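Notes to accompany the following structure.
The values are calculated or read from the model by the stated rules, or taken from the named source; none is laboratory data. Only a predicted model underlies this, so the values are computations on that prediction, with no experimental measurement involved. Positions of Cβ are backbone-derived with ideal geometry, glycine not excepted, and every protein chain shown enters the neighbour counts.
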Amino acid sequence: MANELELNEDRKFQEGFWRLQRLAWGIFLVLIMLALLGLTGRGGAFARAVADSGANSVDYPKVSRFAARDEFNIRIVSETGSAELGFDQTFHDLYEIESIDPAPIRATGDSFGVRYELDLAPREEAEIVVRARARRLAMGQAMQLDLDGEPVSVRPLILP
């Protein structure tokens, strides 16, 4: 007498299905690891980057999410107490600036984009926080920032 059930099963199909299932597990595991590392936005070791140009720098999100608010933390050392912060047209195409802290005293537009004049303490490092919301998706498109006359290039990835 047999101790097994006599079922009509396609063993070859079942083994192929198991292989497909294990492949899906591997893909999900890779996606979870990418998220934990910060490569899908918000937090993690690779979520932010720093670009500098001499004494000035910008700490920006490497990975942004569409319509989510992000912060660009800018450090500027101004000799005179007045500093200029510029964002090129590509930045304004990709992001909508919601606020700048400390508030600029003047904003002007030119062929570069938009420039903001800030009143800062002379010869001290000032931190400027720019809160912006992503307008559209982008795959590492280069944007130029002008940090008091020093150009800086950033390349954020904007995901859905």
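For segment 88-105: of the residues being under 20 Å from the mean Cα position of the chain (by Cα) and among the hydrophobic types (A, V, I, L, M, F, W, C), which is surrounded by the fewest Cβ atoms within 10 Å (Cβ to Cβ)? If we take residues in segment 88-105 being under 20 Å from the mean Cα position of the chain (by Cα) and among the hydrophobic types (A, V, I, L, M, F, W, C), then I97 is surrounded by the fewest Cβ atoms within 10 Å (Cβ to Cβ).
Taking the numbered list (1) within 30 Å of M33 (Cβ to Cβ); (2) at pLDDT below 95; (3) aliphatic (A, V, I, L, M) in turn, A83 passes all entries but (1). With respect to V30, is the statement that it is under 30 Å from A121 (Cα atoms) and among the β-branched types (V, I, T) true? Taking the combined requirement at face value, the residue does not satisfy it. Filtering segment 70-94 to residues that are closer than 11 Å to V130 by Cβ and in a strand (DSSP E or B) leaves D70, E71, F72, N73, I74, L85, F87. If you check A142, A49, A55 for being modelled with pLDDT under 90, in contact with a strand residue (DSSP E or B) (Cβ under 7 Å, 6 or more places away or on another chain) and not acidic (D, E), only one passes: A55.
Which residues, counting only those in segment 106-160, are at positive phi and surrounded by 13 or more Cβ atoms within 10 Å (Cβ to Cβ)?
G113, D148
Condition check ((1) under 12 Å from D88 (Cα atoms); (2) touching a strand residue (DSSP E or B) at 6+ places or on another chain (Cβ under 8 Å); (3) at pLDDT 95 or above) across all residues:
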position	(1), (2), (3)
P104	no, yes, yes
L120	no, yes, no
E124	no, yes, no
V129	no, yes, yes
L137	no, yes, no
D148	no, yes, no
P151	yes, yes, no
L157	no, yes, no
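Of the residues screened, E9 is not one that is of a type in the set (D, E), assigned to a helix (DSSP H, G or I) and free of Cβ contacts under 8 Å to residues at least 24 places away in the same chain.
Restricting attention to segment 95-132, the residues that are outside any loop (DSSP other than H, G, I, E, B) and either over 19 Å from A49 (Cβ atoms) or among the aliphatic types (A, V, I, L, M) (or both) add up to 23.
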